[in-house]
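J.: Got a structure for you, questions after.
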Amino acid sequence: MTRKILIVEDDSSTAAYLAKGLSEASYSVESARDGRDGLFLASEGIFDLIIADRMLPGLDGLSMVSAIRAAGIATPVLVLSALAAVDDRVDGLKAGADDYLCKPFSFAELSARIEALVRRSDRAATEPTRTRLAVGDLEIDLLARHVTRAGRAIPLGAREFNLLEFLARHAGQVVTRTMMLEKIWNYHFDPGSNVVDVHIGRLRRKLEDGFASPILHTVRGAGYRLAADPV
């Protein structure tokens with residue numbers, strides 16, 4: 001199956017370079033030169049990936065991405081930009097982009113990121129819908145966003161619930177800080193803070209205080225593991 005990619009880029013040489021390379025890689029490519037046209041094409045929902053410059057005429061790239069997400073369009077978006085500061089990347093990810101690549105870039109890295117985003121999107125599309133998760137005596141109702149352990153309700157904040165859900169979907173596996181930063185905080189880089197450890201500490205206290213056995217385990221030098229058994 002040929003993958004369709006939308007390129008939203010106002011610089012003609014960059015757009016041509018991208019289109020040529022992606023076409024040679026067997027992608028079907030369509031292009032737009034401003035944010036409004038990009039949003040119009042993206043709203044058709046026929047693309048497997050959108051590559052968007054940040055500084056666009058008509059409608060800037062981040063506003064375009066925000067509008068795409070507000071419309072309920074889940075197509076993966078990769079932002080390309082010469083704005084490379086940490087705050088710029090954070091703004092891009094918060095706007096709804098799935099990845100952020102700084103200019104100048106190598107086509108090899110761009111290609112690898114595209115493949116990763118498409119794989120992730122494919123997995124999400126084929127993964128069966130689950131409304132409940134269970135790990136030992138811990139039960140998570142994903143629809144009601146309700147958590148119990150041994151029948152006792154455990155109130156969690158929104159971020160804590162999202163973190164627990166991610167850990168539960170990988171129950172028995174080691175989940176690294178990097179994985180949690182990307183999935184829960186949309187950071188595709190290390191922000192240089194202990195935000196993960198702080199939230200894990202709070203979550204562990206809520207899951208384990210008053211219970212006989214631990215369920216959220218620290219794997220030294222690797223990350224964390226949600227499991228009923230300690231091994």
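The values are calculated or read from the model by the stated rules, or taken from the named source; none is laboratory data. Predicted model only: the values in this text are computed from it and were never measured. Because the Cβ atoms are built from the backbone with ideal geometry, glycine has one as well, and the counts that use them run over all protein chains shown. For accessibility, only protein heavy atoms count, side chains too; no ligands or nucleic acids. Shrake-Rupley method; radii C 1.70, N 1.55, O 1.52, S 1.80 Å.
J.: Keeping all protein chains in place and using 1.4 angstrom, which order do Asp87, Asp229 fall into by accessible surface area, from largest down? It would help to have the intermediate numbers written out before the result.
T.: Working: Asp87 110, Asp229 75 Å².
Sorted descending by solvent-accessible area, the residues read Asp87, Asp229.
J.: Here's a follow-up. So, in nm, how far is label Met1 from label Thr178 when the simple model puts each one 7 Å beyond its Cα toward the Cβ?
T.: Taking the simple label geometry, Met1 and Thr178 are separated by 2.9 nm.
J.: May I ask for log10 I(q)/I(0) of the stretch 26-98 at q = 0.14, 0.18, 0.23 Å⁻¹, from a Debye sum over the Cα atoms as equal point scatterers with solvent left out?
T.: Taken in order of the listed q values, log10 I(q)/I(0) reads -0.38, -0.63, -1.02.
J.: Continuing with the same structure: Along its principal axes, what span do the Cα atoms of the stretch 47-137 show, with the longest given first and each in whole Å?
T.: 50, 30, 28
J.: Can you pull the three principal axis extents for the Cα set of the chain, in Å, largest first?
T.: Ordered largest first, the chain gives principal extents of 64, 34, 30 Å.
J.: Just the number please: accessible area per residue for the chain, 1.4 Å probe, all protein chains included, in Å². Please list the in-between numbers first.
T.: Numbers: 11920 Å² over 231 residues.
For the chain, the solvent-accessible area averages 52 Å² per residue.
J.: Go through the stretch 33-46 residue by residue and turn each phi into a ³J(HN,Hα) via Karplus (6.51, -1.76, 1.60, θ = phi - 60°); whole Hz please, and just put x for glycine and proline.
T.: Each residue's phi maps through the Karplus curve to give 10, 8, x, 5, 5, x, 5, 4, 5, 4, 5, 6, x, 9 Hz.
J.: For a quick check of your reading of the filter: which GluC sites (Glu not before Pro) in the stretch 20-68 sit in a DSSP loop and have no more than 15 other Cβ atoms within 10 Å? Could you put the intermediate results ahead of the total?
T.: Working: sites: Glu24, Glu30, Glu44; in loops: Glu44.
Of the GluC sites (Glu not before Pro), the ones in loops of the stretch 20-68 whose Cβ has at most 15 other Cβ atoms within 10 Å are Glu44.
J.: For Asn186, enumerate residues with amide H under 5 Å from its amide H, sequence gap 5+ or separate chain, H modeled in the peptide plane.
T.: none
J.: Of all accessible surface on the chain at a 1.4 Å probe, what whole percent is carbon and sulfur?
T.: Numbers: 6040 of 11920 Å².
The value for the chain is 51 percent carbon and sulfur by accessible area.
J.: Right, here's the next one. Of all beta bridges DSSP finds with both residues in the stretch 8-160, what is the antiparallel percent, to the nearest 5?
T.: Details: 10 of 20 bridges.
Counting DSSP beta bridges with both partners in the stretch 8-160, the antiparallel share is about 50 percent.
J.: Report, by chain and number, residues whose modeled amide H sits under 5 Å from the one on Ala52, excluding near sequence neighbours (fewer than 5 apart, same chain).
T.: Val8, Leu78, Val79, Leu80
J.: Now a separate question. Whole-Hz Karplus ³J(HN,Hα) for the stretch 69-85, in order, using 6.51 cos²θ - 1.76 cosθ + 1.60 and θ = phi - 60°, x for Gly and Pro?
T.: These are the phi-based 3J(HN,Hα) values: 5, 5, 7, x, 8, 9, 3, x, 10, 10, 8, 10, 7, 7, 7, 10, 5 Hz.
J.: May I pose another question? What spacing in nm lies between the two simple spin-label points modelled at Phe211 and Ala158, each 7 Å away from Cα in the Cβ direction?
T.: Between Phe211 and Ala158, the label points sit 2.5 nm apart.
J.: Quick one: Karplus J couplings for the stretch 13-22, per residue in order, coefficients 6.51, -1.76, 1.60, θ = phi - 60°, nearest Hz, x for Gly and Pro?
T.: With coefficients 6.51, -1.76 and 1.60, one gets 5, 5, 4, 5, 4, 5, 4, 5, x, 6 Hz.
J.: Listed highest first by mean packing, meaning other Cβ atoms within 10 Å per residue, what order do 209-219, 96-106 come in? Each step should come with its number before you reach the end.
T.: On the way: 209-219: 13.1, 96-106: 17.8.
So the peptides 209-219, 96-106, ranked by packing, come out 96-106, 209-219.
J.: Would you grab the residues whose amide H sits under 5 Å from the one on Ser31? Only those 5+ places off in sequence or on another chain, please, with H modelled 1.01 Å from N.
T.: For Ser31, the qualifying residues are Ile7.
J.: Lys94: which aspartates and glutamates have alpha carbons under 16 Å from its alpha carbon, excluding same-chain residues fewer than 8 sequence positions away?
T.: Candidates past the 8-residue exclusion: Asp53, Asp60, Glu182, Asp190.
J.: Then there is this: Could you work out the percent of alpha carbon pairs in the stretch 135-231 separated by over 16 Å, rounded to a whole number? Before the final figure, lay out each step's value.
T.: Details: 2453 of 4656 pairs.
The share of Cα pairs beyond 16 Å in the stretch 135-231 comes to 53 percent.
J.: While we're on this one: Count the net charge of all other residues whose Cβ sits under 12 Å from the Cβ of Val175, scoring Lys and Arg as +1 and Asp and Glu as -1.
T.: Working: positive: Arg169, Arg177, Lys183, Arg225; negative: Glu165, Glu182.
Summing Lys/Arg as +1 and Asp/Glu as -1 gives +2.
J.: Further question on the same structure: For Val79, what accessible surface area do you get with a 1.4 Å probe? Give it in Å², rounded to 10.
T.: 0
J.: What is the Cα centroid distance between the stretch 106-123 and the stretch 23-97, reported in whole angstrom?
T.: That distance is 15 Å.
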